[in-house]
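Take a look at the structure set out below.
The values are calculated or read from the model by the stated rules, or taken from the named source; none is laboratory data. From a predicted model like this one, the values you see are computed outputs, not experimental measurements. As a convention, Cβ positions derive from the backbone with ideal geometry for all residues, glycine included, and neighbour counts pool all protein chains shown. Accessible surface is based on the protein model in full, side chains and every heavy atom, while ligands, DNA and RNA are left aside. Shrake-Rupley method; radii C 1.70, N 1.55, O 1.52, S 1.80 Å.
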Amino acid sequence: MTEQQTRPIEARSMGTDLRRVDGVEKVTGRATYAFEHAASDGLADPLHLWLVQSTVAKGRVVDVDGHAALEHAGVVAVIDHTTAPRLDDTTNGELAILQDGAVHFRGQIVALVLAETPEAAREGAALVHVRYDAEPHEAELREDNATYEPDEVNAGQATDTAEGDVDAALAAADVVVDATYRTPYEHNNPIEPHATLAWWGEEDGRPTLTMYDSTQGVHGVVQSLFPMLGLEPDQVRVRAPYVGGGFGSKGEAHAHVMAAALAARTTDGRPVKLAVTRQQMFALTGYRTATISHLRLGARPDGTLTAIEHAVQEQTSAVREYAEQSASPTRMMYAAENRRTSHRLARLDVAVPSWMRAPGEMPGMVALEIAMDELAVAAGVDPIDLRVRNEPEVDPETGKPFNDRRLIECLRRGADRFGWAGRPTEPRATVDGDWWVGTGVASSTYPAMRMPGNAARVRSLDDGRYAVAIGAVDIGTGARTVLTQIAADALGVEADAIALEIADSSLPPASVAGGSSGTSSWGTAIVAAAQRFRADHGDTPDPGVETTASAADDPAMKEYAFHSFGAVFAETRVHRWTGEIRVPRMLGVYSVGRVVNPTTARSQLLGGLVMGLSAALFEESYRDARFGHVVTQDLATYHVASHADVLGIEAEWLEESDDRFNPMGSRGIGEIGIVGTAAAVANAAYHATGVRVRSLPVTADHFLG
Ligand code: MOS
């Protein structure tokens with residue numbers, strides 16, 4: 001495959017509000033989601049799969065009795081660890097299901113039921129009788145058990161960092177903030193629960209596995225499955241034409257995908273359909289670990305930081321390690337000569353944690369940005385001035401120059417727009433009827449990432465249009481639309497001259513729709529292929545010529561610290577008699593590089609702000625450590641913000657183009673909206689009431705008594 005050095009492209013379609021190219025399919029119900037593929041797609045009548053989950057948190061399955069289930073009308077098979085197909089590779093303990101009788105967490109898949117209808121499968125699953133040898137388990141995260149030091153934390157980051165003498169600087173500091181902040185377990189709740197449709201076939205004498213899966217990355221699913229199933233990558237094909245959200249929960253293949261693959265292996269080619277229920281998602285499709293952040297800030301009398309320490313405690317699972325990088329934003333946000341960060345984990349007998357919108361940045365910035373607000377109060381400095389005073393000249397821990405750091409502009413512009421001037425210095429200074437009123441601010445940040453291994457294909461069509469193909473996935477963000485705009489500008493044509501093909505692992509490789517890196521990674525590959533195509537074939541190519549290319553390594557990627565920034569403002573009202581909390585106004589101002597499509601970008605940023613509001617006020621998965629599972633496992637008990645909670649909310653951005661980062665000048669917008677938002681709400685609640693809440697969610701009981 002060709003590698004192409006990319007040049008910036010001229011923005012003609014980029015920056016305009018091209019309507020969602022798949023909007024009509026979606027609003028008319030013609031968009032086909034994973035579970036909906038059927039005979040009309042040429043598929044045989046499928047069998048339906050239901051998952052049987054462990055009712056103990058640790059131990060062994062002694063016996064799976066499927067007799068009653070098999071006598072139930074419509075039930076075709078019960079598969080357990082003694083009968084499931086064997087896997088070649090079991091290193092991914094989350095995916096290596098049904099290979100032995102070991103139970104690692106409550107909710108683990110211990111048997112599969114196949115039936116002619118979903119109802120029969122579900123009824124059959126209820127009739128499967130599993131006997132266990134239970135062992136004592138540990139399912140509670142505490143300060144005294146989160147002591148394990150992982151080799152690295154998520155995204156390949158260092159577990160610990162240290163510079164200077166933090167203890168000495170803290171001892172000598174004029175102002176000190178020393179406090180502990182907590183964020184709860186949280187679960188992603190995309191509108192479309194996870195679903196997989198799988199079937200096996202044969203090609204050239206070799207077995208093949210084909211899937212429709214609700215995933216953030218079709219190539220990622222192939223990469224996870226093929227070695228475990230003893231196949232070559234070209235024996236697995238995964239498609240995800242439409243996905244109803246993910247937020248990270250569909251970023252990695254989870255055990256249910258393997259369940260569908262294994263079950264389908266036993267059906268002589270008949271497809272197997274699996275819909276994960278909302279309740280099952282709370283055990284099977286990842287979640288954000290709870291975090292305990294010990295923050296110590298030391299400063300001079302004017303608030304200038306001399307020391308920053310952020311020691312994180314959180315949990316991982318015994319069956320597979322996942323360490324959230326919660327201290328990572330503390331490493332680059334503010335200047336201070338003496339700094340220390342660390343992550344320690346409790347390894348618990350619990351479901352496997354994973355990605356949730358802005359892993360690391362989200363919980364880490366709750367702690368850091370509430371602590372900064374406490375420092376502002378302690379030093380008697382305005383919270384915005386405090387952040388200006390601690391603005392670093394270079395990335396504090398790597399020493400690299402920031403590519404483009406416009407945090408202060410975001411803060412100042414937000415302050416103007418929000419009406420920050422004249423804000424009372426003292427808390428509990430404003431009352432409106434029965435409501436205490438306060439305002440708060442927090443910084444936001446998210447790294448800008450371009451993933452390796454992306455390629456795209458450009459082919460000229462008979463009608464003068466271009467087919468542009470890459471195995472990327474649009475999880476509802478608008479990727480199909482913005483990639484069409486990028487391809488149009490890269491080829492110098494109108495958007496309607498682009499026929500975009502995505503969401504199929506038979507297309508050129510694409511990284512996950514995650515880490516706010518999709519547009520940057522896939523867009524750069526599309527630009528590389530388009531620029532190579534034009535160099536080889538000109539702008540009036542013969543029909544049917546084709547170029548596949550990836551972007552050549554860009555040395556700038558290593559020379560600069562690439563991050564996006566933002567400032568979030570919130571007004572919080574707390575009812576003086578009931579403690580009820582309302583957030584009538586929120587404003588986020590962001591520096592995210594060029595915005596490719598203002599409509600879809602605003603949706604991403606507003607969605608992030610809403611999810612941050614939701615975390616601030618509602619979201620909390622409650623695990624009953626006696627049994628080891630999350631008991632708040634539906635939307636009646638796991639509350640997410642809904643329409644009535646979301647009042648005035650605005651997102652805007654600075655005009656810019658980050659030509660150093662990628663040829664589009666964009667940086668990524670999927671996650672930054674959630675970062676800092678909960679802290680802004682909590683800081684405003686403090687300003688309203690004088691009550692400092694250091695844990696999420698910020699609930700009414702804190703303000704009573
Ligand atoms: Mo997102 S948590 O990077 O899928």
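Taking amide H as placed 1.01 Å from N in the peptide plane, the amide H of L231 sits under 5 Å from none that are at least 5 places away or on another chain. Across region 665-676, computed HN-Hα scalar couplings (Karplus, 6.51 cos²θ - 1.76 cosθ + 1.60, θ = phi - 60°) run x, 8, 10, x, 9, x, 10, 4, x, 7, 6, x Hz from first to last residue, x flagging Gly and Pro. In straight-distance terms, cross-link reach from K558 covers every one of the lysines whose alpha-carbon lies under 21 Å from its own, apart from those fewer than eight places away in the same chain; here that gives K400.
Size of the dipole of region 128-254 about the Cα centre, Lys and Arg at +1 and Asp and Glu at -1 on the beta carbon, nothing else charged, in debye to 20? Mind showing how you got there, number by number?
Numbers: 7 positive and 24 negative charges, 203 e Å.
Roughly 980 debye for region 128-254.
Over the chain, dividing the summed -39,500 (n - 2.57) contributions of all DSSP H runs of at least 4 residues by the number of residues returns a 222 nm mean residue ellipticity of -7000 deg cm²/dmol.
Provide the per residue accessible area, probe 1.4 Å, for region 277-404, rounded to a whole number of square angstrom. The partial results should precede the final answer.
On the way: 3070 Å² over 128 residues.
Heavy-atom SASA per residue in region 277-404 reads 24 Å².
Accessible-area rank, largest first, for F627, F226, F533: F627, F226, F533, with all protein chains present and a 1.4 angstrom probe. The GluC sites (Glu not before Pro) of region 1-75 that meet both conditions, a loop assignment by DSSP and at most 12 other Cβ atoms within 10 Å of the site Cβ, are E10.
Candidates P396, A488, A616 compared by Cα position along the dipole of the chain: farthest toward the positive end lies A616, with charges placed on Cβ. Among the trypsin sites (Lys or Arg not before Pro) in region 553-632, those placed in a DSSP loop whose Cβ has at most 14 other Cβ atoms within 10 Å are R626.
The alpha carbons of the chain occupy a box of 75, 70, 50 Å along the principal axes, longest dimension given first.
For region 94-149, the list of trypsin sites (Lys or Arg not before Pro) that fall in a loop by DSSP and count at most 16 other C-beta atoms within 10 angstrom reads R142.
Using Cα pairs closer than 8 Å and at least 6 residues apart in sequence, work out the relative contact order for region 163-227, in percent.
Averaging sequence separation for qualifying contacts and normalising by length gives 19 percent for region 163-227.
Sequence-ordered 3J(HN,Hα) estimates for region 600-615 from the Karplus curve with 6.51, -1.76 and 1.60 and θ = phi - 60° stand at 6, 5, 4, 4, 5, 5, 5, x, x, 4, 5, 5, x, 4, 4, 5 Hz, glycine and proline given as x.
Extension gain for D416 to R60 (0.36 nm times residue separation, less C-alpha to C-alpha distance): 122.0 nm. At a probe radius of 1.4 angstrom, the accessible area of region 80-210 per residue rounds to 48 square angstrom. Normalised by the number of residues in the chain, the average gap of Cα pairs under 8 Å and 6 or more apart makes the relative contact order 18 percent. Taking a straight line from the alpha carbon of K250, these lysines sit under 19 Å away, with near neighbours fewer than eight places off in the same chain left out: K273. The string of couplings for region 5-21 from the Karplus curve (6.51, -1.76, 1.60, θ = phi - 60°) is 6, 8, 10, x, 9, 7, 7, 10, 7, 4, x, 9, 8, 4, 4, 3, 5 Hz, one whole number per residue in order, with x for Gly and Pro. In plain terms, the chain from T699 to D88 could stretch by 215.1 nm, reckoned as 0.36 nm per residue minus the Cα-Cα distance. Separation of region 424-479 and region 144-221, taken as the distance between their Cα centroids, equals 19 angstrom. Go ahead and run the numbers for FRET between A162 and I408, Cβ-Cβ distance against an R0 of 25 Å, rounding to 0.05. E(calc), rounded to 0.05, equals 0.35. Of the solvent-accessible surface of the chain, computed with a 1.4 Å probe and all protein chains present, 48% belongs to carbon and sulfur. Annotation for E135 and T637: the two label points, set 7 Å from Cα along the Cα-Cβ direction, are 2.8 nm apart. With R₀ fixed at 51 Å, the C-beta to C-beta distance from D554 to A625 puts the FRET efficiency at about 0.60. For K58, a cut-off of 19 angstrom between C-alpha atoms picks up these aspartates and glutamates, skipping any fewer than 8 places away in its own chain: D80, E94, D100, D133, E135, E138, E140, E321, D349, D624. Between amide H atoms placed 1.01 Å from N, distances below 5 Å from Q4 occur with S550, A551, A552, all of them 5 or more places distant or on a separate chain. Between amide H atoms placed 1.01 Å from N, distances below 5 Å from T316 occur with A346, R347, L348, all of them 5 or more places distant or on a separate chain.
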